[in-house]
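Trainee: Submitted below is the structure of interest, expressed as structure tokens.
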Amino acid sequence: MTRVRLENIVKEYDSVDQVTLTGYKNPPALHDVSLEIKDGETMSIVGPSGCGKSTMLKVVAGLEFPQKGHIFYNDFDITQIKPQDRGVGMVFQDYALYPTMKGKGNLAYYFEMHEQSKEEMEVRVKQTAKLMGVDFELLLSRLPDTLSGGEKQRVAIARCIVRDPLVFLMDEPIVNLDAKRREQTRIEIKKLLRKFTITTLYVTHDQQEAVFMGDRITVMRNGSIEQVGTFDDLYYSPANLFVATFIGTPPLNVLSVEITDGHVIMQGGRWQLPPGLANAIQSGKMRLGVRPEGWQLNAPDGIFLPISHIERIPTERAAFIHGSLLESHVIAVASLEQPEINRIAITPDWERVYFFEAEGEGVIHTPGVPDFF
Ligand code: ADP
């Protein structure tokens, strides 16, 4: 039972200028980061490359030490504890298996290092193999070189599980697999995480993977946390424009508009706001956000969308309609049954719109998480 808590973590890396050979400080890779992962929870950490995701994992693992702040397991401060004593299991994108050891040797190594009995090792390996699924035993007698990427990753995960870790740390574990294996392996990892309920930090740059894996998601940028929440929190109540556009595929459409006399005015047309929204929002310049599925098509006050192309959504009887309203690229979802799909007029579905400041990223209005159930 392990709750993991990061408290005001600052991590800076020193670098050396290769020309002058003088040392200098980079901007912090983690900038006053606080985060709590509940016992048994899988927390996805997502954000653009270089935002500090791997550094966060390394700090929790003890592979890097922060300059400021503390890390707790439950209420126990582990900030100064060595990595080998933290009870973490780490899975990396490059598998990091011992190449000269067969699958079983990779699982058994930990027991040898910790001078634990062969009997205990045999019992744990057997239990782990059973948990890993029907065909896993076959991988135990093979060298890493003879395994596919997905199989290597299964062995790497089993190597973590066999140690009975307090905390699981996964850094882009499926990024190196081809698309089909990635799909299979992510389902497998998800099943395992459900089965074990070990507290897990799962790093990925892929927001769809983050959503699939995580009970909650932490969105990072430039060494800071932008928002922590469920997918619905991030999607319907984003903390700012960055989160709003980062979460969701295709991304939120963002249009520069002006609100005047209860109307949304932009170059090219105007829409009338419903009274509730007109009262809630002050006049002035701002940015309007509409999800691709958040348009009403061919409503009476629709603005005609000049279409650049139509992209079928393979698994659905629908398409993304791409067009542009002046400067802004706009994507709308339309059913394939929609008459004249290549000639549509769009109006925001006002219950699903977002408004942001004209400059900056602050939120003026979000739809809020709908009451789905
Ligand atoms: P992410 O995992 O989100 O891609 P990282 O945590 O790897 O980001 O990196 C965060 C920042 O710290 C980046 O600017 C990166 O260049 C820098 N960084 C990471 N590791 C080191 C290191 N060992 N030395 C110097 N800078 C580093």
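Trainee: Counting only residues that are of a type in the set (Gly, Ala, Ser) and without any contact (Cβ under 8 Å) to a residue 40 or more places away in the chain, which one in the stretch 1-35 is most open to solvent (accessible area, probe 1.4 Å)?
Mentor: Applying the first criterion (of a type in the set (Gly, Ala, Ser)) to the stretch 1-35 yields 15, 23, 29, 34.
Next, from what is left, pick out any that are without any contact (Cβ under 8 Å) to a residue 40 or more places away in the chain: 15, 23.
Values: SER15: 32, GLY23: 64 Å².
For the stretch 1-35, the residue satisfying everything is GLY23.
Every residue, every condition in (1) closer than 28 Å to GLU64 by Cα; (2) open to solvent by less than 50 Å² (accessible area, probe 1.4 Å); (3) more than 24 Å from the chain's Cα centre (by Cα), yes or no:
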position	(1), (2), (3)
GLN84	yes, no, yes
VAL88	yes, yes, no
ASP94	yes, no, no
HIS114	yes, no, yes
ALA129	no, yes, yes
LEU138	no, no, yes
ASP145	no, no, yes
ASP164	yes, no, yes
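Trainee: If the Cβ limit is 6 Å and pairs must be 6+ apart or interchain, which residue in the stretch 40-58 that is in a strand (DSSP E or B) pairs with which residue that is near the ligand (Cβ under 7 Å from one of its atoms) and open to solvent by 10 Å² or more (accessible area, probe 1.4 Å)?
Mentor: Qualifying pairs under 6 Å: ILE45/LYS53.
Trainee: Further, regarding this structure: Scan the stretch 59-77 residue by residue and report those that are more than 15 Å from the ligand (Cβ to nearest atom) and touching a residue at least 40 places away in the same chain (Cβ under 8 Å).
Mentor: Of everything in the stretch 59-77, those that are more than 15 Å from the ligand (Cβ to nearest atom) and touching a residue at least 40 places away in the same chain (Cβ under 8 Å) turn out to be LYS68, GLY69, HIS70, ILE71, PHE72, TYR73, ASN74.
Trainee: What's the number of the only condition in (1) farther than 14 Å from THR55 by Cα; (2) in contact (Cβ under 8 Å) with a residue 40 or more places away in the chain; (3) not in a helix (DSSP H, G or I) that ILE225 fails to meet?
Mentor: (1)
Trainee: Separate question: Among the residues of the stretch 137-157, which ones are assigned to a helix (DSSP H, G or I) and either closer than 12 Å to GLU188 by Cα or charged (D, E, K, R) (or both)? I'd like the intermediate steps shown before the answer.
Mentor: Going through the stretch 137-157, the residues assigned to a helix (DSSP H, G or I) turn out to be 137-140, 144-146, 149-157.
Across the stretch 137-157, the qualifying residues are GLU137, ASP145, GLY150, GLU151, LYS152, GLN153, ARG154, ILE157.
Trainee: I need a count of the residues in the stretch 63-92 that are modelled with pLDDT of 95 or more and of a type in the set (Gly, Ala, Ser).
Mentor: 1
Trainee: Let me spell it out: the conditions are (1) surrounded by fewer than 20 Cβ atoms within 10 Å (Cβ to Cβ); (2) aromatic (Phe, Trp, Tyr); (3) under 29 Å from PRO27 (Cα atoms), and TYR236 meets all of them except one. Which number is the exception?
Mentor: It fails just one condition, (3).
Trainee: A further question on this structure: Looking at ILE174, ILE189 in this structure, which one is within 28 Å of TYR73 (Cα to Cα), among the hydrophobic types (A, V, I, L, M, F, W, C) and either open to solvent by 10 Å² or more (accessible area, probe 1.4 Å) or part of a loop (DSSP other than H, G, I, E, B) (or both)?
Mentor: ILE174
Trainee: Looking at (1) under 24 Å from GLN338 (Cα atoms); (2) touching a helix residue (DSSP H, G or I) at 6+ places or on another chain (Cβ under 6 Å); (3) open to solvent by 10 Å² or more (accessible area, probe 1.4 Å), find the lone condition where GLN227 falls short.
Mentor: GLN227 satisfies all of (1) under 24 Å from GLN338 (Cα atoms); (2) touching a helix residue (DSSP H, G or I) at 6+ places or on another chain (Cβ under 6 Å); (3) open to solvent by 10 Å² or more (accessible area, probe 1.4 Å) except (1).
Trainee: In the stretch 78-94, what count of residues is obtained for those that are within 16 Å of the ligand (Cβ to nearest atom) and out of contact with any Cys (no Cβ under 9 Å at 6 or more places or on another chain)? Can you show your working first?
Mentor: Kept after step one, since they are within 16 Å of the ligand (Cβ to nearest atom), are these residues of the stretch 78-94: 83, 90-94.
Cutting the leftovers down to out of contact with any Cys (no Cβ under 9 Å at 6 or more places or on another chain) gives us 83, 92-94.
Number of matching residues: 4.
Trainee: Let me ask something additional. What about LYS38, is it modelled with pLDDT of 95 or more, away from the ligand (no atom under 16 Å from the Cβ) and open to solvent by 80 Å² or more (accessible area, probe 1.4 Å)?
Mentor: On the way: modelled with pLDDT of 95 or more: yes; away from the ligand (no atom under 16 Å from the Cβ): yes; open to solvent by 80 Å² or more (accessible area, probe 1.4 Å): yes.
So LYS38 passes the test.
Trainee: Name the one entry in LEU107, LEU63 that is closer than 25 Å to VAL203 by Cβ and open to solvent by less than 30 Å² (accessible area, probe 1.4 Å). Full working, then the answer.
Mentor: Values: LEU63 fails: open to solvent by less than 30 Å² (accessible area, probe 1.4 Å).
Result: LEU107 is the single residue among LEU107, LEU63 that is closer than 25 Å to VAL203 by Cβ and open to solvent by less than 30 Å² (accessible area, probe 1.4 Å).
The values are calculated or read from the model by the stated rules, or taken from the named source; none is laboratory data. What you are looking at is a predicted structure, and each value in this text was computed from that prediction instead of being measured. Because the Cβ atoms are built from the backbone with ideal geometry, glycine has one as well, and the counts that use them run over all protein chains shown. Accessible surface areas use protein heavy atoms only, side chains included; no ligands, DNA or RNA. Shrake-Rupley method; radii C 1.70, N 1.55, O 1.52, S 1.80 Å.
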